[in-house]
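A quick write-up on the structure given underneath.
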Amino acid sequence: MIYKVSYVVVGGEHPGAIANVEKPPQVGDRVKLGNNDFEVIEILELMPPRGEFSFLHATCKMVGD
């Protein structure tokens, strides 16, 4: 399964990203978008899986140093 994930950053300090990943993100995961690190704080399924694809929305917050 390929997970198409829309990463949206709280507060707008980063434009976010869309990525294809092999493992679905979980709340608490750390992800690197560009040069910054983020923590996933919420996951939503955008629509039911279709074929080999699942569509997810991940809300993230920036992680301090």
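The values are calculated or read from the model by the stated rules, or taken from the named source; none is laboratory data. This structure is a prediction, so every number in the text was calculated from the model and none was measured. Positions of Cβ are backbone-derived with ideal geometry, glycine not excepted, and every protein chain shown enters the neighbour counts. Each accessible area value is taken on the protein alone, full model and side chains, heavy atoms only, with ligands, DNA and RNA left out. Shrake-Rupley method; radii C 1.70, N 1.55, O 1.52, S 1.80 Å.
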(request) Taking the residues in the stretch 1-46 that are among the polar types (S, T, N, Q) and modelled with pLDDT under 95 as candidates, determine which candidate is least open to solvent (accessible area, probe 1.4 Å). (result) N36
(request) Quick one: count up the residues across the stretch 54-65 that are within 18 Å of I2 (Cα to Cα) and open to solvent by 80 Å² or more (accessible area, probe 1.4 Å). (result) 0
(request) Please give the strands (runs of 3 or more DSSP E) falling wholly within the chain in which 1 or more residues are touching a residue at least 40 places away in the same chain (Cβ under 8 Å) and over 10 Å from the mean Cα position of the chain (by Cα). (result) 2-9, 36-50, 53-62
